[in-house]
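Engineer: This is the structure I have questions about; it appears just below.
The values are calculated or read from the model by the stated rules, or taken from the named source; none is laboratory data. All of these numbers come straight from a predicted model, not from anything done at the bench. Note: ideal-geometry Cβ built from the backbone for every residue, glycine included; neighbour counts use all protein chains shown.
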Amino acid sequence: MDSRFHNNDNDDNHVDHVLHDFLAFSDLPSLALSLSLSLDRLLQSSASFSDADHLVDRASTMGSILLEVAKHSYRNRASVHNSLTWPLPPDLTIKVFSLVDKSSLCHAAATCKLFRNWAKDPFCYSHIDLRTPVPKVNDALVATIIHRAGKALRSLMLGVVPDATTSSGSCQPLSDTPRKCYSCGHKRSQKDSCHLTRCCLNPLNADGGALGALLRKLHLYNIGQMDSPSLVETLSVCPSLLDLEIVGLDVELGRILSSVSANCHLIERFAFAASTTGRNKILNIQTCSHLVAGCPHLTSLSLRGIRIHDYKVRILVKGFQKLKYLDFSRSVSITGSFLRNLGNSKGGNFLEFLNLRDCMHLKEMEVARLLTAIIAGNFKSLVHLDISNREGLGLRTDRQHMCYSSR
């Protein structure tokens, strides 16, 4: 046998005996004092101060090593215990981990080696929800979790949502109330997250868009630094996108819709709520026509707080023949004329939800025609209608002298 292996065995046996003898000391209150006195005697017998300092350093180092070894052994024993007593099989545990929020998942991963290995499974990160009531998520965290998900990523929700229980489609853009950003010291608006920037979606674009290729759901809320070019670049690598929601971002709606038309042909739901301080969102006929041609599977369309005229709305509604959900609340241009003869057409026949809440130019005459059509048997699938308006419905056609009825 090689002498090196023989020497290693002797060294291991020697360490085992030393550690066994050391741990055999009775755990008495006087043990600390005994060790202290013993170390003092060794220091006094040292030939020089440098030798004494070396002994103190060695004692500190050996104590630290022993502590770390004990912690490591404790974690290993905990993992073995958990593997024997944990009632769920690995695949079911990973499924449970995928359903919890990512903060709880990190806490679970810190408990033991077994949970940490399971928590690294990409499936645990296939549905990422990093919405927070206050800005506290940064680009680095988003990148880390996206890379953990890898090609298993299916949905991603980011941004500031004041109420974490807010359902999709009901979140509103945040107001522009000045607040101080404690991380960088300057004043910012409430809607502006000083942690997420326009680069937060860059991991989806890496490697030719490999991580965004299978993404089905993307929701972005009140990310103040997001811009149109960055979002358009991300949408260009998400051909499998089915659900896109954009709330409170200062981006150009026309550019976003053009990108969706060109790249997201499978999309079924599109929701957009204009930023309270953003530029005017004006759609042209060409953008509407391209959206209809490029996204034939759309069943839910929500464009809140934008400027769009009735004839363009009619192009959209009649073009999307599977449309069930329609929300143009807070529009400043819609009068309601697009509703005429819509209930018996292919585009409006399947409508189940229609929201025209707080459309400031919605006319009482058009609403009356709509209700008459519903009574006559049109809009057979309609189960929800909201035409409420804080100012009442418009009575006159002249916008310069608009007056309202509270009926």
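Engineer: Only one of these is part of a loop (DSSP other than H, G, I, E, B), modelled with pLDDT of 80 or more and small (Gly, Ala, Ser): Ser36, Ser46, Ser26. Name it.
Structural biologist: Ser46
Engineer: Here's something else I'd like to know. In segment 327-356, what residues are among the charged types (D, E, K, R) and modelled with pLDDT of 85 or more?
Structural biologist: Listed by number, the residues that qualify are Asp327, Arg330, Arg340, Glu352.
Engineer: Also: Among Ile128, Ile65, which is the only one that is β-branched (Val, Ile, Thr) and touching a strand residue (DSSP E or B) at 6+ places or on another chain (Cβ under 8 Å)?
Structural biologist: Matching residue, one of Ile128, Ile65: Ile128.
Engineer: For His54, state whether it is assigned to a helix (DSSP H, G or I), modelled with pLDDT of 85 or more and surrounded by 11 or more Cβ atoms within 10 Å (Cβ to Cβ).
Structural biologist: For His54, the condition - assigned to a helix (DSSP H, G or I), modelled with pLDDT of 85 or more and surrounded by 11 or more Cβ atoms within 10 Å (Cβ to Cβ) - is met.
Engineer: In this structure, does Ser289 turn out to be of a type in the set (Ser, Thr, Tyr), buried (at least 19 other Cβ atoms within 10 Å of the Cβ), modelled with pLDDT of 90 or more and not in a loop (DSSP other than H, G, I, E, B)?
Structural biologist: Criteria not met by Ser289.
Engineer: Right, something else. Scan segment 339-351 and give yes if some residue there is within 20 Å of Val247 (Cα to Cα) and in contact (Cβ under 8 Å) with a residue 12 or more places away in the chain, otherwise no.
Structural biologist: no
Engineer: How many residues does segment 39-90 hold that are among the acidic types (Asp, Glu) and under 27 Å from Cys112 (Cβ atoms)?
Structural biologist: Matching residues across segment 39-90 total 1.
Engineer: Right, something else. Name the residue that is surrounded by the fewest Cβ atoms within 10 Å (Cβ to Cβ), counting only residues in segment 203-249 that are at pLDDT below 90 and in a loop (DSSP other than H, G, I, E, B).
Structural biologist: Here the residue is Gln225.
Engineer: Scan segment 89-113 for residues that are farther than 18 Å from His127 by Cα and assigned to a loop (DSSP other than H, G, I, E, B) and jot them down.
Structural biologist: Selection gives Pro89, Ala110, Thr111, Cys112.
Engineer: Determine which member of the set Ala152, Ala143 is closer than 24 Å to Asn222 by Cα and modelled with pLDDT of 90 or more.
Structural biologist: Checking each option against the conditions leaves just Ala143.
Engineer: I'd like the full set of residues that are touching a Lys or Arg at 6+ places or on another chain (Cβ under 7 Å) and under 16 Å from Ile146 (Cβ atoms), limited to segment 227-239.
Structural biologist: Selection gives Ser230 alone.
Engineer: On to the next question. Which condition breaks for Glu366 when tested against (1) within 21 Å of Arg390 (Cα to Cα); (2) at pLDDT 90 or above; (3) in a loop (DSSP other than H, G, I, E, B); (4) touching a Lys or Arg at 6+ places or on another chain (Cβ under 8 Å)?
Structural biologist: Just one mismatch for Glu366, condition (3).
Engineer: Additional query: Check whether at least one residue in segment 260-277 is modelled with pLDDT under 95 and among the basic types (Lys, Arg), and report yes or no.
Structural biologist: no
Engineer: From the residues in segment 85-125 that are among the basic types (Lys, Arg) and farther than 24 Å from Lys136 by Cβ, which one is modelled with the lowest pLDDT?
Structural biologist: Lys113
Engineer: Considering segment 325-336 alone, what residues qualify as being of a type in the set (D, E, K, R) and surrounded by fewer than 19 Cβ atoms within 10 Å (Cβ to Cβ)?
Structural biologist: none
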